[in-house]
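Written below as structure tokens is the structure these notes are about.
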Amino acid sequence: MRALRVVGLHEDGKSIVCEDPASRTRFLLPADERLRAAARGDLTRLGQIEIELESQMRPREIQARIRAGESVEQVATTAGVTVSRVERFAYPVLLERSRYAELAQRAHPVREDGPDVQTLGEVIAHSFGVRGHDYTQSKWDSWRGDDGRWIVELSWKAGRSDNRAHWAFSPGAHGGTVHALDEHAHDLLDPNSYRAPRTLRAVEAERDHVEQPTLDSTLDEQDEAVLDTPIAEPDTDDDTREIPRVPADEPEEAKTEQPARVKGKKNHPIVPSWEDVLLGVRSQRG
């Protein structure tokens, strides 16, 4: 790289005349803001000028976006510049956001009857303990809203879900106050609102102690009842043990009443006994 020497100011008053000592070649260098910052050694101003030249977003706008809650990566993408160039202006604003997040944890939550005696950090730590969450894994952040108030955010992970709670922070005496802005923020301020999940009992375990009747068991019980029933002995004096014969239908002519005819055994005529003849009594023996 060849070194040039300054000859003087150009006649237009807007450029500096430089000359190459070896070749005596002269050059014009615009006397702009960047040259003045380089002459003063102001590297911060040089970085601002580079961003202004490469994008339409000024450093003040970059800081305003960071203060409003945007990340460095988001601003760099919007401005069309590298992350390293945005970090120069984002760093002091990020420190400011971190500072307000710390101050908000020392503030007192406002309840229906007034500010709480405990601080926001103490109440949240207790609520996390009741719920079984790891408070050390949570993250605090803050940014300034459009109305000028600082918004404080607490983010944490419970299982597979990402959760966030927000409060409005108002700096003041004794640490200031915070107001809950969403449902998560209200729940964390009231540890009594948390209800532990109910434990489901195993249904199969209860079934083992209760026997349900089945078809097989019912049949077995019926079979046992039948087997236990004593079998009645046949009665020798019971004349009904023979199956009665059902007479076949007779023709109408045969249904007329006829005098009963008494027959003896094997169709032989009844012969009276000798005692019946002497006594004059008809025998009834068949």
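Between Ala180, Pro115, Trp140, whose Cα lies farthest towards the positive end of the dipole of the stretch 106-191 when Lys and Arg beta carbons carry +1 and Asp and Glu beta carbons carry -1, centred on the Cα centre? Farthest along the dipole direction, towards plus: Trp140.
Going by average Cβ neighbours within 10 Å, how do the peptides 172-185, 63-76, 23-36 rank, with the highest at the top?
Values: 172-185: 15.6, 63-76: 17.4, 23-36: 11.9.
Put in order of decreasing packing, that is 63-76, 172-185, 23-36.
At a Förster distance of 51 Å, what's the computed FRET efficiency of Ser15 paired with Ser138, Cβ-Cβ distance as r, to 0.05? Present the calculation step by step, with values, prior to reporting the outcome.
Details: r = 58 Å, r/R0 = 1.14.
The value I calculate is 0.30.
Using equal-weight Cα scatterers in the Debye expression, the normalised intensity of the stretch 106-191 in log10 at q = 0.15, 0.16 Å⁻¹ is -0.53, -0.60.
Summing +1 for each Lys or Arg and -1 for each Asp or Glu, what net charge is found among the other residues whose Cβ lies under 12 Å from the Cβ of His108? Intermediate results must be reported in sequence, preceding the final value.
Numbers: positive: Arg106, Arg111; negative: Asp116, Glu122.
Residues close to His108 contribute a combined charge of 0.
Every number in this text was worked out from the coordinates using simple rules, so none of it is lab data. Bear in mind that the values here come from a model prediction, so they are computed numbers and not experimental data. For neighbour counting, all protein chains shown are included, and Cβ atoms are generated from backbone atoms with ideal geometry for every residue, glycine included.
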